[in-house]
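The values are calculated or read from the model by the stated rules, or taken from the named source; none is laboratory data. The model shown is predicted, which means the values in this text are computed figures rather than measured ones. All Cβ positions, glycine included, derive from the backbone under ideal geometry; neighbour counts span all protein chains shown.
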Amino acid sequence: MWISTSCEFSFEISVPTPFILMLRARRGSQQWVAREEYEVLPSVPVIEFKDFYGNDCQRLIAPPGPFALYCSADVMTLEHVEEAPGAPFVEIQHLPSDVLTYLLPSRYCESDRFYLLASEITQGYLPGYDQVAAIEDWVRRNIRYEPGTSPLPVSAIEINRRQSGVCRDLSHLCIALCRALSIPARQVVGYLYDLQPMDLHAWFEAYVGDRWYIFDATQYGRKGAYVATGYGRDATDVAIYNQYGPPVFPIEQIISVEMVNR
């Protein structure tokens, strides 16, 4: 299916402010970008680079005054999330080298603290995909999804204690539980068609059966229409933008995700 995404951020900048951005849709096996538009106002020099995880990033210095970022794309993506019940656990010695980093504890995913809970949740399930699906379902049923309630990233430990959070937080807990069982898991940020309320979204992927599969504890069913902009260990790696110096926040943010015909 074809999805048209767009985001617009408006700032009021007081001093020259360095930004690192991650707004462009990823190219990959599960999505194809046919059209893309990127605009910075006022126009300033922009340097493109790929980060450690292969995300397309841009760096620039925003001048004092009004400053705006705009990015849109038409993306062909999966209409339904691919499922693979029974897909096996991949033994560590057989994992690709670039997947190994997603086994380790990270800032917001303290997987070394969750082995007992992960084992309890997945007791009786086949190692691999079925364990991840059990974790996704447990988090969906036990942690309240409350959009707009957590402006700053929160760790898996805190979310498990609080029992509520935004999409980013629920994915942190799922990732920590997966890694506790030696299943590689990573956070994804981007867009989801028909998300309510509409905003940027975060979900997670787990590596089983020799490939990555999408999971999302905030949604019911296996609908697709996800458009990824970044992959990483947790929210530390997949911020849509990072700025340095005196903190600045968008004075306006507009997110749009629509189905289109091509």
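A few points about this structure:
- Filtered residue count, region 47-73, keeping only those that are acidic (D, E) and under 19 Å from the mean Cα position of the chain (by Cα): 2
- Single residue of region 118-173 satisfying the filter (of a type in the set (G, A, S) and touching a strand residue (DSSP E or B) at 6+ places or on another chain (Cβ under 6 Å)) that is surrounded by the most Cβ atoms within 10 Å (Cβ to Cβ): S171
- Checking each residue in region 67-84 for being touching a Leu at 6+ places or on another chain (Cβ under 8 Å) and surrounded by fewer than 18 Cβ atoms within 10 Å (Cβ to Cβ) picks out A68, Y70.
- Exclusive hit being assigned to a loop (DSSP other than H, G, I, E, B), in contact (Cβ under 8 Å) with a residue 24 or more places away in the chain and at negative phi, set Q187, Q219, Q253: Q219
- Among the candidates D169, D199, D234, the residue that is in contact with a Ser or Thr (Cβ under 6 Å, 6 or more places away or on another chain) and part of a loop (DSSP other than H, G, I, E, B) is uniquely D234.
- Residues of region 135-157 classified as over 21 Å from D112 (Cβ atoms), assigned to a loop (DSSP other than H, G, I, E, B) and touching a residue at least 12 places away in the same chain (Cβ under 8 Å), total: 5
- Filter pass, A176 being aliphatic (A, V, I, L, M) and either within 18 Å of E110 (Cα to Cα) or without any contact (Cβ under 8 Å) to a residue 12 or more places away in the chain (or both): yes
- Meets criteria (modelled with pLDDT under 95, within 22 Å of L200 (Cα to Cα) and touching a Leu at 6+ places or on another chain (Cβ under 8 Å)) for Q30: yes
- Tally, over region 168-227, of residues that are hydrophobic (A, V, I, L, M, F, W, C) and more than 21 Å from T122 (Cα to Cα): 9
- Residue check, V99 of a type outside the set (F, W, Y) and more than 30 Å from A180 (Cα to Cα): no
- Count of residues meeting criterion [assigned to a loop (DSSP other than H, G, I, E, B) and under 19 Å from the mean Cα position of the chain (by Cα)] in region 239-250: 2
The rows are residues; the columns are (1) more than 17 Å from T236 (Cα to Cα); (2) over 17 Å from the mean Cα position of the chain (by Cα); (3) at pLDDT 95 or above.
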| site | (1), (2), (3) |
| --- | --- |
| P151 | no, no, no |
| A156 | no, no, yes |
| R168 | no, no, yes |
| C178 | yes, no, yes |
| I183 | yes, yes, yes |
| E205 | no, no, yes |
| D210 | yes, yes, yes |
| D216 | yes, no, yes |
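- Here A118 clears all of (1) touching a Phe, Trp or Tyr at 6+ places or on another chain (Cβ under 9 Å); (2) modelled with pLDDT of 95 or more; (3) among the aliphatic types (A, V, I, L, M) except the condition numbered (1).
To keep it simple, each residue is scored yes or no on (1) closer than 20 Å to Y145 by Cβ; (2) not assigned by TED's automatic domain parsing to the domain that holds A134.
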position	(1), (2)
H172	yes, no
L177	yes, no
L200	yes, no
W212	no, no
G232	no, yes
P247	no, yes
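- Matching strands (runs of 3 or more DSSP E) fully within region 24-64 where at least 3 residues are loosely packed, with under 11 Cβ neighbours inside 10 Å: 47-50
- Single condition I13 does not satisfy, out of (1) over 30 Å from Y102 (Cβ atoms); (2) within 23 Å of the chain's Cα centre (by Cα): (2)
- Residue list for region 88-126, restricted to those being in a loop (DSSP other than H, G, I, E, B), farther than 23 Å from Y220 by Cβ and in contact (Cβ under 8 Å) with a residue 40 or more places away in the chain: F89, V90, L95, L104, P105, R107, Y108, E110, F114
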